[in-house]
Amino acid sequence: MLTIFSTPKPFRGHIDIIQRNAIQSWKHIHPDVEIILIGSEEGTAESARFLGVRHIPEVERNECGTKYLRSIFDQAQAHAQHGTLCYVNCDIVLLSDFAFALDRVMQRFSRFLMVGRRWDSDVREPIDFGQPNWQENLRRNALISNHQRPPQWIDYFAFSRGVYLNIPPFVIGRPGWDNWLVWNARASGAKVIDASGTIVAIHQNHDYSYHPEGEAGVWQGVEAQRNYALLEDGRCFRTIDNANFRLTESGFERNHRHWVVLADRAIQKMISKLWFGALTITRPIRHRFGLRRHAPGQTGAAKAASK
């Protein structure tokens with residue numbers, strides 16, 4: 001039915017716990033699920049053997065040792081036993097609703113990408129998969145926490161083999177690549193389905209200690225800036241709100257919000273160009289009177305901080 005692939009961080013401390021939780025949850029999705037871990041981080045080979053999943057240690061990396069997205073996707077598509085694949089971040093717990101939703105998508109579309117929003121939840125201990133109500137408990141805790149990430153945060157990508165070819169040199173674990181994957185699927189003619197309404201994908205909260213510069217390094221570091229540049233000033237940026245369809249309990253619905261999102265982005269870009277154009281024209285006058293520039297909508301506190 002499905003090949004799930006991921007690339008873990010080193011299996012240490014809390015990350016070790018949540019990654020093992022995630023991988024074991026994937027094994028419970030369907031009897032015919034294949035799982036592939038890609039990379040040679042600490043503990044990956046041992047965890048793959050212990051959990052009974054496939055392991056591909058070889059992966060292309062940049063000069064910082066960070067893994068290239070294209071190498072991960074190319075190897076998964078080359079080695080997968082199934083025609084439907086799913087990349088999942090290795091801290092995401094998936095429940096049985098994932099298999100039900102994917103089956104509905106596979107019956108409707110031959111070339112597709114299924115994505116959805118995640119729910120953040122605190123999971124500090126190993127999940128007891130021997131308990132019959134482990135799924136209900138996790139789902140309830142995630143919904144009670146009521147922290148669903150916005151549509152630009154994307155943690156799973158279920159797609160038909162061949163949707164992703166010639167991926168640019170994004171590195172994984174830095175921003176932007178997930179938004180490019182949605183853009184590319186739509187641009188290539190694959191149908192993009194938002195399954196947020198039917199899937200509770202649980203992100204196990206963690207810190208950013210795996211990066212030498214912490215959270216700031218992940219989001220604003222040199223590698224992050226390279227990923228941002230590959231989005232071509234936003235031309236190749238899409239979110240879950242840009243899906244063709246939404247999957248609900250009653251079926252598939254056309255997602256008209258896609259056009260609203262595109263129009264809003266175009267308006268914002270036009271306002272930005274007009275604003276900075278005005279700044280350029282008025283620069284001599286502002287300098288003469290000692291005026292400082294501020295971005296549109298900047299609050300008083302932000303202005304004060306910028307001085």
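Here are the numbers for the structure shown:
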item: Mean Cα-pair separation over length for the chain, i.e. relative contact order, pairs under 8 Å, 6 or more apart, %; result: 18
item: In degrees, nearest ten, helix 177-187 long axis to first principal axis of the chain (Cα); result: 90
item: Within-11-Å neighbourhood charge of V171 [Cβ basis; K, R +1; D, E -1]; result: +2
item: Packing rank of 177-186, 143-152, where each peptide gets the mean count of other beta carbons within 10 Å, highest leading; result: 177-186, 143-152
item: Whole-Hz couplings from phi, Karplus 6.51/-1.76/1.60, listed for segment 164-176; x for Gly and Pro; result: 10, 10, 6, 5, x, x, 5, 9, 7, x, 10, x, x
item: Per-residue HN-Hα couplings for segment 212-221 [Karplus 6.51, -1.76, 1.60; θ = phi - 60°; Hz; x = Gly/Pro]; result: x, 9, x, 4, 4, x, 5, 9, 10, x
item: Mean Cβ count within 10 Å, highest first, over the residues of peptides 225-232, 196-203; result: 196-203, 225-232
item: Rounded to 10°, Cα long-axis angle of helix 257-289 versus longest principal axis of the chain; result: 30
item: Degrees between helix 96-108 axis and first principal axis of the chain (Cα, 0 to 90, nearest 10); result: 80
item: Farthest toward positive dipole pole in segment 2-255 [+1 Lys/Arg, -1 Asp/Glu at C-beta], among A224, F252, S40; result: F252
item: Size descriptor, Kirkwood hydrodynamic radius, that averages inverse alpha-carbon separations across the chain, Å; result: 21.0
item: Neighbour net charge for P126 - beta-carbon separation under 11 angstrom, K R +1, D E -1; result: -1
item: Helix-only mean residue ellipticity at 222 nm for the chain, each DSSP H run of n ≥ 4 adding -39500 (n - 2.57), per residue, nearest 500; result: -13000 deg cm²/dmol
item: Three-way shape label, segment 15-110, alpha-carbon gyration tensor, a/c 1.5; result: oblate
item: Around S209: net Lys/Arg minus Asp/Glu count, Cβ-Cβ under 12 Å; result: -1
item: Peptide ranges 239-249, 113-123, 50-60 listed from the most packed, as the mean C-beta count within 10 angstrom indicates; result: 113-123, 239-249, 50-60
item: Lysine pairs in the chain with Cα atoms under 22 Å, if 8 or more residues apart or on separate chains; result: 4
item: Contact order normalised by residue count of segment 1-61, Cα under 8 Å, 6+ apart, percent; result: 37
item: Rounded to 5, the percent of DSSP beta bridges in the chain classed as antiparallel; result: 45
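Any read-out appearing in this document is the output of simple, stated calculations on the displayed coordinates, not a laboratory observation. Please read all numbers here as calculations on a predicted model, not as lab measurements. All Cβ positions, glycine included, derive from the backbone under ideal geometry; neighbour counts span all protein chains shown.
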